[in-house]
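Working notes, structure below.
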Amino acid sequence: MTAHANPLLSDWTGPFGLPPFDAIRDGDFGPAFDAAMAEARANIARIATDPAPPTFANTIEALELAEGALDRVGGVFYTLAGADSTDAREDLQRDLAPKMSAFSSEIINNRALFLRIDTLWQSRDRLDLGAEEARVLDLYHRMFVRAGAQLAGPEAERLTAVKARLAVLGTRFSQNLLAEERDWFRDLSADDLAGLPDFVVETAAAAAAERGREGHVLTLNRSLIVPFLQFSPNRALRRIAYEAWTARGANGNAADNRAIAAEILSLRQERATLLGYPSFAAYKLEPEMAKTPDAVRDLLMRVWQPARDKAEADAAVLARMMHEGGINGDLEPWDWRYYSEKRRKAEHDLDEAAIKPYFSLEAMIEASFDVAHRLFGLEFRALDVPLYHPDARAWEVTRDGRHIAVFIGDYFARASKRSGAWCTAMRTQRKLGGAQAPIVMNVCNFAKGNPSLLSYDDARTLFHEFGHALHQMLSDVTYGFISGTSVARDFVELPSQLYEHWLEVPEVLAKHARHYRTGEAMPQDLMSRLLAAGTYDQAFATVEYVSSAMVDLAFHEGPAPADPMARQAEVLGELGMPKPIRMRHATPHFSHVFSGDGYSSGYYSYMWSEVMDADAFAAFTEAGDAFDPETARKLETHILSAGGSQEAEALYTAFRGRMPGVEPLLKGRGLA
Ligand SMILES: [Zn+2]
């Protein structure tokens, strides 16, 4: 074996300081994490034991830069663990979870360090800090206190143990889910393919090829199973597929997540109690815009009632269609999408298969870039640089010739990628210690095709994730701690959901939604029907979503349920869940809530942000131009470039002059 200098630890001198993916081997990560963590420990010890009295520079700014190497190694590793996992990467991720948790507990429990921060915070009014500095100091102090820095002795020790165990369980939950999604597939015979549009057949063929099989297979990937449920006339097979899909994490095998969910909930409650909160939801919601569980419930219930009524009415229509088709009995969850698709075709003469040719992936990438160019003057140039997978692509983002960011898009589903779509920054923007330009990624799970054609929903997802990417790329702050998407959880979906609105702007569709083969624009009547159908089946989507959010909230309020599945059933019963609709994410595969803390008692956030995005886009409508330069400038100044430099309410009010009400959301969902 030849010596191999660890490329994760050397300076990245290639183009734009991108990680040298072609030189990194899996075996490099373990030693790199060890070295980077040791370096961060030494830096933090130096800050904590500094004989000089604490100043903002020698404490907060020093902390901001203390974990540079760890940020770089982690930025690469967690990108790969999510987007292109291997057994070795999964093993390492399992090893790292408790180590990283112990490391952060060590910092929080560093008494000397907290005393320096606390001393600064107590004297904050006399420090003559700028607005951004004052905000960062406040957030550091809050982070330490909320993490338990004021606890001592056995309570502090117990909290550390609880957090370490939670980190292990969160990782296990997502790995189980990945295994369930990777392992399940079903061969489809020629008969099974009957009634499926070409794009579904092609996706099933690609899925078979990826698994080294002949013919066609059905998998649990959303971009295959959802269209299968929409189009397959084979009710028995739809049932098998639907049940496999919704049983993920609850199959009584080694990847069963139910006991893990119960333990997570009980440990979270203990964590909240140790910190002096009545419940985990109360603890979790305190720094968010919503602030309290009651405020969350209030919003969700205002939407629930009209959505449920409309969904019951829709269910009656779909059941009638099914009975007229000669099938007796109740409308079941595996029937909804099939009859809903038929009804959509009948009422709006809109069929998914006729729409897709106008939404090639290439055209939609171009559209998302073009909108960003018109709003913010950004330009995109494809880069030829080594990345971690042949499907991943990179662009340089500039404005007036100045480098802004590197954007990476990794769009296709594969077995090594976790499900869903997300935006992540391998490197975030900051100015402290020399300007650092961001490296931002969008990861999606679109079906690969030749060319790859998106559903309208997929195109919306692409715009959504690109909105998050803009929040990272346009960030213009000094401190990494408040950079880009480092904002309240119930505010973070505003830029992404707002960006989806531009996909619905007729001139954007006219310019970019062109037939992949002929290059012709979408016919005017098809476009009108597509836009008119915008609120189609929103009652179903709202019921799926709100029920999940209510279960999430109930899990974290009051005593932790010993049997989460029973508690889930109870909440759904109290809500009066329509029988043919199930939660969008049931407990055993609710990764928002259980793969880490991110969205725990926070799944409502999407709707909270939606209240704002509906109102924010109205600012452009009121200006009479979806690309109104003055409104775009305000959006960038007060929201997209501002990161977490102020409380979310202040940011929004600066942009819009006031806070929004819930009416534009109900109207947008056709539930007003
Ligand atoms: Zn999002």
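For (1) assigned to a loop (DSSP other than H, G, I, E, B); (2) surrounded by fewer than 19 Cβ atoms within 10 Å (Cβ to Cβ); (3) not charged (D, E, K, R), each residue gets a yes or a no:
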{"site": "K511", "(1), (2), (3)": "no, yes, no"}
{"site": "G519", "(1), (2), (3)": "yes, yes, yes"}
{"site": "A532", "(1), (2), (3)": "no, yes, yes"}
{"site": "F540", "(1), (2), (3)": "no, no, yes"}
{"site": "S547", "(1), (2), (3)": "no, no, yes"}
{"site": "V551", "(1), (2), (3)": "no, no, yes"}
{"site": "G558", "(1), (2), (3)": "yes, yes, yes"}
{"site": "A566", "(1), (2), (3)": "no, yes, yes"}
Every residue from segment 464-488 that is within 11 Å of the ligand (Cβ to nearest atom) and either charged (D, E, K, R) or in a loop (DSSP other than H, G, I, E, B) (or both): E465, T485
Extreme residue, surrounded by the fewest Cβ atoms within 10 Å (Cβ to Cβ), among residues of segment 118-147 that are in contact with a Leu (Cβ under 8 Å, 6 or more places away or on another chain) and farther than 18 Å from S486 by Cβ: L127
Among residues of segment 232-258, those that are at positive phi and under 25 Å from the mean Cα position of the chain (by Cα), counted: 1
Hits in segment 425-445 (condition: touching a residue at least 40 places away in the same chain (Cβ under 8 Å) and either open to solvent by 40 Å² or more (accessible area, probe 1.4 Å) or away from the ligand (no atom under 16 Å from the Cβ) (or both)): M426, R427, T428, Q429, R430, K431, L432, G433, Q436, A437, P438, I439
Residue, surrounded by the fewest Cβ atoms within 10 Å (Cβ to Cβ), within segment 395-419, restricted to residues that are at pLDDT below 95 and aliphatic (A, V, I, L, M): A415
Among (1) within 12 Å of the ligand (Cβ to nearest atom); (2) in contact with a His (Cβ under 7 Å, 6 or more places away or on another chain), the one test that D410 misses: (1)
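Per-residue answers, yes or no, for (1) more than 27 Å from the chain's Cα centre (by Cα); (2) at pLDDT 95 or above:
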position	(1), (2)
L494	no, yes
E500	no, yes
L531	no, no
E544	no, yes
L553	no, yes
P561	no, yes
Q568	no, yes
G576	yes, yes
Residue selected from segment 494-507 under the condition closer than 23 Å to R529 by Cβ and open to solvent by 10 Å² or more (accessible area, probe 1.4 Å), by the criterion nearest to the ligand (Cβ to nearest atom): E500
Selection count where residues are part of a loop (DSSP other than H, G, I, E, B) and of a type in the set (A, V, I, L, M, F, W, C), scope segment 271-287: 1
From the options D615, D625, D597, residue that is more than 16 Å from the ligand (Cβ to nearest atom), assigned to a loop (DSSP other than H, G, I, E, B) and under 19 Å from E493 (Cα atoms): D597
Single condition R239 does not satisfy, out of (1) open to solvent by less than 30 Å² (accessible area, probe 1.4 Å); (2) touching a Phe, Trp or Tyr at 6+ places or on another chain (Cβ under 6 Å): (1)
Residues being of a type outside the set (A, V, I, L, M, F, W, C) and crowded, with 18+ Cβ neighbours inside 10 Å - total across segment 600-633: 12
Residues (modelled with pLDDT of 95 or more, in a helix (DSSP H, G or I) and of a type in the set (A, V, I, L, M)) located in segment 170-203: L193, V201
Scan of segment 148-169 for residues that are in contact (Cβ under 8 Å) with a residue 24 or more places away in the chain, part of a helix (DSSP H, G or I) and not hydrophobic (A, V, I, L, M, F, W, C), ordered by number: E155, R158, T160, K163, R165
Residue count, segment 448-462 (criterion: of a type in the set (A, V, I, L, M, F, W, C) and open to solvent by 20 Å² or more (accessible area, probe 1.4 Å)): 1
Flag for F491 being within 14 Å of the ligand (Cβ to nearest atom) and within 20 Å of L361 (Cβ to Cβ): no
Selection status of R584, among the charged types (D, E, K, R), within 16 Å of the ligand (Cβ to nearest atom) and open to solvent by 10 Å² or more (accessible area, probe 1.4 Å): yes
Odd one out for W422 among (1) within 14 Å of the ligand (Cβ to nearest atom); (2) of a type outside the set (G, A, S); (3) crowded, with 22+ Cβ neighbours inside 10 Å: (3)
Answer from A290, A254, A295 - the residue that is modelled with pLDDT under 95, small (G, A, S) and not in a helix (DSSP H, G or I): A290
When residues of segment 628-672 are limited to those that are among the acidic types (D, E) and assigned to a loop (DSSP other than H, G, I, E, B), the one modelled with the lowest pLDDT: E647
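The values are calculated or read from the model by the stated rules, or taken from the named source; none is laboratory data. Here the structure is a predicted model, which is why all the values come from computation and not from measurement. Every residue, glycine as well, gets a Cβ built from its backbone with ideal geometry; the counts of neighbours run over all protein chains shown. These area figures cover heavy atoms from the full protein model, side chains too; ligands, DNA and RNA do not enter into them. Shrake-Rupley method; radii C 1.70, N 1.55, O 1.52, S 1.80 Å.
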